[in-house]
Amino acid sequence: MYSIKLLSPAGDLQKGKIAIDYGADSVYIGYPGFSLRATNTSLDEIKKLTEYAHERGKTVIAALNIIPRNNDITRFKELISSIKYLGIDGVIISDIALIEITRKKYPDIHITVSTQANLTNYKTIKFYEKNFNINRVVLARELTIDEVKKIREKVSIELESFVHGAVCMAYSGRCLLSSFLTNKKLGMTHIKYADNYTRYSNLGECVQPCRFKFALVEENRKDIMFPIEEDSFGTYILSAKDLCLINRLKEMYDAGITTFKIEGRMKSIYYIANITRVYRKGLDLMIKGEKMPENYKNEVFNVSHRGYTEGFLFNEKEKTNVSYSGYITNYRFHALIKEKIEANSYKIEVFNSFTDDKEIEIIGPDMINIILRPGEYELYTSGKEKVKRVFHGNTEFFIKTSVPLKENYIIRIKK
Ligand code: SF4
C-alpha cells in the first residue's frame with residue numbers, strides 16, 4: 001500500500017547530504033530547542049538540505065519531537081509558521097498539542113507521530129488518525145513483531161520502525177538520568193559533566209549516563225572509586241546494546257512496516273554513510289527477493305557500536321540486551337573526499353590524522369569498497385608539496401590515487 005522508504009539521520013546539512021548520497025529516501029533533521037538531539041541547525045541549512053534532497057527526488061522531515069513546556073508553545077507556533085516555507089516534506093512530532101497546532105495550520109502537511117509518544121497499541125494510533133489525520137507513526141521500540149502485525153491489521157496509516165542504532169534502557173526517550181546527573185542543584189557536583197547547565201535528554205542533550213562505566217564510591221572518600229566487577233570488562237549495568245535488524249527486513253515488511261529508520265543524528269558522517277548504504281542494499285535486495293551477501297551485512301560491525309541486539313521486536317531476552325563493554329569498531333574514520341581537482345586528484349576533509357604508509361580503504365555508495373596500499377596513493381598540501389601525514393585542522397590537504405574516486409567517498413583505516 002505504501003512505498004518502502006529508508007529514513008536516515010541528518011544531524012546537520014553535511015550529514016544530510018551524505019545520507020542522501022548513500023541511499024536514504026528521506027532524511028530527518030532537527031531544529032534547536034525542538035529536537036530530541038542537540039543541534040545548531042539553522043533554517044537556512046534546512047532549506048539548503050531540502051533543495052539538495054528535492055533535486056535528487058528525496059525528501060526531508062523536520063524532527064520537532066520535544067516534550068514541550070509552557071514557554072515552548074509560542075516559540076513552536078512561530079517556528080511552524082516559517083518552517084513550511086522551507087519546502088520541508090513533513091514533520092515528526094510527539095506532543096499532542098504541537099500536533100494539533102500543526103494540523104490546524106497546515107491541513108495537508110505530512111505528520112509523523114514520534115517514537116517519543118510511545119505508541120504501543122492500535123487504539124492510540126487510531127485516536128491520532130481520527131483526531132489529527134496524521135500520516136505515519138513511529139512504532140515504540142518496545143513492541144514485538146506480533147504486536148506490529150496486529151496494529152497493521154487495525155490501522156491504515158504508514159508504519160515506521162527503527163532498524164538500527166542506539167536504544168534507551170528506559171522506555172524510549174522517557175528518562176531523567178541525564179538531567180539528574182548533570183544538575184548541580186541536586187548536588188551532582190562530583191560528576192564530570194555537571195556544570196551550571198542541566199542536560200535534558202528530552203531536549204536532545206542527553207550525556208548518555210546509561211553508557212557510563214559504574215563504580216562504587218564511599219561517602220567520605222569521594223576520590224576513591226571502588227570497582228564493581230560485573231565481569232572482566234567492568235560494570236555497565238544500564239548500558240543497552242545497539243539495535244540491528246539487518247537480518248529482519250523482510251519479516252518487518254511482511255508485518256506491515258514500510259518506513260525503516262536509522263537512528264544517529266549525533267553520529268559521524270562515516271557512521272551515517274556506512275549504515276545507510278547497508279540498509280539501502282538490504283532493502284533493494286529484499287524487494288528483488290534476493291539474499292544479502294554476508295560481507296555486505298558485516299559492514300554493520302565496521303562502525304562504532306556497543307554490540308548488537310534485535311531488541312524487543314524479536315523477543316530477545318532483556319538480559320542479553322545489555323552491553324558489557326564500551327564502544328567497539330573494526331575501522332577508524334579518517335577523511336572525506338570533498339572535490340575532484342583533476343584526474344585521480346581530490347581535495348579531502350581530514351577528520352582524523354593518517355600517514356601515507358597505511359593501507360587505506362575507501363567506501364562509497366552501493367557498497368563500493370576500494371583498498372589502496374602504500375604507494376597507490378600520495379598525500380599533498382594545497383601548495384602541491386608531498387607530505388607523509390595529513391591531519392585535522394585548517395590546513396587543506398589533497399590525495400592522488402591510482403584509481404578514480406568520487407565526491408563524498410570516505411577514507412577509513414582498519415584498526
Ligand atoms: S541516559 Fe540513556 S536511557 Fe536515558 S535518555 Fe539518555 S540514552 Fe536514553
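Read-outs throughout are calculated quantities, based only on the coordinates presented, and are distinct from any laboratory measurement. As the structure is a computational prediction, the values presented were derived from the model and not from experiment. Quick reminder, even Gly has a Cβ in these numbers, built from the backbone with ideal geometry, and neighbours come from all protein chains shown.
Can you pull the semi-axes for region 285-396, root of five times each eigenvalue of the Cα gyration tensor, sorted largest first, whole Å? Could you put the intermediate results ahead of the total?
On the way: eigenvalues 260, 72, 27 Å².
Over the Cα atoms of region 285-396, the ellipsoid semi-axes are 36, 19, 12 Å.
Normalised by the number of residues in region 259-308, what is the relative contact order in percent for Cα pairs under 8 Å and 6+ residues apart?
Numbers: 21 pairs, mean separation 19.5, N = 50.
The normalised contact order for region 259-308 reaches 39 percent.
For the chain, with equal point scatterers placed on the C-alpha atoms only and solvent neglected, what are the log10 I(q)/I(0) values from the Debye formula at q = 0.07, 0.08, 0.09, 0.10 1/Å, to two decimals?
Taking Cα atoms of the chain as identical point scatterers yields -0.36, -0.48, -0.61, -0.75.
Contact order normalised by length for region 331-414, with contacts defined as Cα pairs under 8 Å and 6 or more residues apart; what percent is it? Intermediate values should be presented prior to the final figure.
Working: 195 pairs, mean separation 36.1, N = 84.
Relative contact order, region 331-414: 43 percent.
Peptides 147-153, 108-114: what's the order by average Cβ count within 10 Å, highest mean first? Could you put the intermediate results ahead of the total?
Details: 147-153: 17.3, 108-114: 21.0.
Highest-to-lowest ranking by the protection proxy: 108-114, 147-153.
For the chain, what are the DSSP H helices with axial Cα length of 24 Å or more and mean Kyte-Doolittle hydropathy of at least 0.0?
On the way: long enough: 269-288 (28 Å, 0.24).
Once both thresholds are applied, what remains is 269-288.
If you average the sequence gap of Cα pairs under 8 Å that are 6 or more apart and divide by the length of the chain, what percent do you get for the contact order? Could you put the intermediate results ahead of the total?
Details: 857 pairs, mean separation 59.8, N = 415.
In percent, rounded to a whole number, it is 14.
With runs of 4+ DSSP H residues as the only contributors, calculate the mean residue ellipticity of the chain at 222 nm using -39,500 (n - 2.57) per run, divided by the residue total and rounded to the nearest 500.
Computed mean residue ellipticity for the chain: -7500 deg cm²/dmol.
Which order, highest average first, do 57-65, 269-277 follow once you tally other Cβ atoms within 10 Å for each residue and take the mean per peptide?
Values: 57-65: 22.8, 269-277: 25.1.
Top of the packing list down: 269-277, 57-65.
Tell me whether region 331-414 comes out rounded, prolate or oblate; compute the Cα gyration tensor, take square roots of the eigenvalues as a ≥ b ≥ c, and use a/c under 1.5 as the rounded threshold.
Numbers: a/c = 1.36, a/b = 1.22, b/c = 1.11.
Cα axes put region 331-414 in the rounded bin.
Among the lysines, which have Cα under 16 Å from the Cα of K297 when same-chain residues fewer than 8 positions away are ignored?
K250, K281
Let me know the charge dipole size of the chain about its Cα centre in debye, to the nearest 20, where only the beta-carbon of Lys, Arg (+1) and Asp, Glu (-1) is charged. Walk me through the intermediate numbers first.
Numbers: 63 positive and 52 negative charges, 86 e Å.
Using only the charged Cβ atoms, the result is roughly 420 debye.
Mind scanning K261/K414; K149/K288; K5/K261 and naming the pairs with a C-alpha gap bigger than 20 Å? Intermediate results must be reported in sequence, preceding the final value.
Values: K261/K414 27 Å; K149/K288 23 Å; K5/K261 8 Å.
Exceeds cut-off: K261/K414; K149/K288.
A 29 angstrom limit on the alpha carbon distance is what I want to check against. Which of K77/K154; K17/K340; K15/K347 exceed it? Spell out each step's value before the answer.
Numbers: K77/K154 33 Å; K17/K340 17 Å; K15/K347 18 Å.
Result: K77/K154 exceed 29 Å.
Given H placed on each backbone N at 1.01 Å, which residues far from F354 in sequence or on other chains put an amide H within less than 5 Å of it?
Distant-sequence amide H within range of F354: V390.
Specify whether the C-alpha gyration tensor of region 1-132 places it in the rounded, prolate or oblate class, a ≥ b ≥ c being the square roots of the eigenvalues: rounded for a/c under 1.5, otherwise prolate if a/b is larger than b/c and oblate if not. Kindly include the intermediate steps, with their values, before the conclusion.
Details: a/c = 1.71, a/b = 1.27, b/c = 1.35.
It comes out oblate by the Cα gyration axes.
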